[in-house]
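Enquirer: One structure coming up, written as structure tokens, with questions to follow.
The values are calculated or read from the model by the stated rules, or taken from the named source; none is laboratory data. This one's a predicted model, so the numbers in the text were calculated from it and none came from an experiment. Virtual Cβ from ideal backbone geometry, glycine too; neighbours counted across all protein chains shown. Side chains included, ligands, DNA and RNA excluded: accessible areas come from the protein's heavy atoms. Shrake-Rupley method; radii C 1.70, N 1.55, O 1.52, S 1.80 Å.
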Amino acid sequence: MTFLKKLIAALALVPALALANEGGFSLDHAPDRTKDLAALQNGAKLFVNYCLNCHAASAMRYNRLKDIGLTEDQIRNNLLFASDKVGDLMKVAMQPKDAKVWFGAAPPDLSVIARAKSSEAGSGADWLYTYLRTFYKDDSRPTGWNNLVFPNVGMPHVLWELQGINSAKFVEEKDPHEAGKTIHKFEGFEQVKPGKMTKTEYDNAVADLVAYLEWMGEPAQNTRKRLGVWVLLYLGIFAVLAWRLNASYWKDVK
């Protein structure tokens, strides 16, 4: 029995050890705002204004934004470009070959990005929430920016006007896993230039944007969850009726 307990404990540590070996940046927990219509609407506005210039969401139509409380007029007047229609897919004019030249790789489609970034380290929302808050100035990079969650990322910090410009402070430490090797340990950010938002305001804006990206991955998720509760209640009631019916049926037989 003792050996079995040790084996179970060792297997439970495998994911943690794998993450430790990767040396990935610890993810912050993203606030859950997928049921907050005001947050989703603000997130949609941020997505269209800052993300949709380069990143498409080709599985999403503008008119689906009515599900988060927007009218067709609000969508048309505030979220559409001149040539787009309410029923159009969220596509971009940038050609993949041009994007590869400018950024080194074509920007990914963001339709299901919140699902794609989910891992043992945290949910896709956690990854996006941390990623969008950990850009820092790095003059050695072609774009002038780097990121703690995605080192050497090709994407520039498109939200820098809102957050401001930060520099990252690192210290050299000995690698505990490999003798003679040093590692860069992150110590914190230092603001070089303030943005239009305070830190709290920016964190809230990113939380809204991430909530929208999470909702966009499955717009019917809240409806599915509500229906799931009713289905489970129905199955529970049906199970009780079936149990009592079975007892009544076999009562005379016994």
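Enquirer: Please give the contour-minus-distance gain from Asn152 to Ala242: 0.36 nm per residue of separation, less the Cα-Cα distance, rounded to one decimal in nm.
Expert: 26.4 nm
Enquirer: Please report the equivalent ellipsoid semi-axes of the stretch 19-131, computed as sqrt(5 x eigenvalue) of the Cα gyration tensor, largest first, in whole Å.
Expert: Over the Cα atoms of the stretch 19-131, the semi-axes work out to 27, 21, 10 Å.
Enquirer: Going by the alpha-carbon gyration tensor, a ≥ b ≥ c the square roots of its eigenvalues, is the stretch 98-225 rounded (a/c under 1.5) or, if a/c is not under 1.5, prolate (a/b greater than b/c) versus oblate?
Expert: It is prolate, given that a/c is not under 1.5 and a/b is the larger ratio.
Enquirer: In debye, nearest 20, what is the charge dipole magnitude of the chain about its Cα centre with +1 on Lys and Arg Cβ and -1 on Asp and Glu Cβ, if you could check?
Expert: 880
Enquirer: Would you work out which of Ala168, His157, Ala179 lies farthest towards the positive end of the dipole of the stretch 127-180? Charges go on Cβ: Lys and Arg +1, Asp and Glu -1.
Expert: His157
Enquirer: Given the chain, what whole percent of its Cα pairs are spread farther than 23 Å?
Expert: For the chain, the share of Cα pairs beyond 23 Å comes to 64 percent.
Enquirer: So which of Lys97/Lys196; Lys91/Lys169; Lys35/Lys199; Lys45/Lys169; Lys45/Lys193; Lys35/Lys193 end up more than 27 Å apart by C-alpha?
Expert: Lys97/Lys196; Lys91/Lys169; Lys45/Lys169; Lys35/Lys193, as the Cα separations exceed 27 Å there.
Enquirer: Here's another thing I want to ask about it. Probe of 1.4 angstrom, ligands and nucleic acids ignored: what's the accessible area per residue over the chain, in square angstrom?
Expert: Per-residue value: 65 Å².
Enquirer: Per the helix-only calculation at 222 nm, which mean residue ellipticity applies to the chain, given -39500 (n - 2.57) for every DSSP H run of n ≥ 4 and division by its residues, nearest 500 deg cm²/dmol?
Expert: Roughly -14000 deg cm²/dmol at 222 nm, from the helical runs in the chain.
Enquirer: Let me ask you something else. Would you mind calculating the gained length between Ala220 and Ala38 on full extension (0.36 nm times residue separation, minus the Cα-Cα distance), in nm to one decimal?
Expert: Gain in length upon complete extension: 63.8 nm.
Enquirer: By the gyration tensor of its Cα atoms, with a ≥ b ≥ c the square roots of the eigenvalues, what is the shape of the stretch 170-228: rounded for a/c under 1.5, prolate for a/b over b/c, or oblate?
Expert: Judged from the Cα gyration tensor, the stretch 170-228 comes out oblate (a/c at least 1.5, b/c at or above a/b).
Enquirer: Work out which helices of the chain, taken as complete DSSP H runs, extend at least 18 Å along their axis over the Cα atoms and score a mean Kyte-Doolittle of 0.0 or more, then list them.
Expert: Helix filter hits for the chain: 2-22, 221-253.
Enquirer: May I pose another question? Enter the Cα centre distance for the pair the stretch 26-51 and the stretch 209-254, rounded to the nearest angstrom.
Expert: Cα centroid of the stretch 26-51 versus Cα centroid of the stretch 209-254: 30 Å apart.
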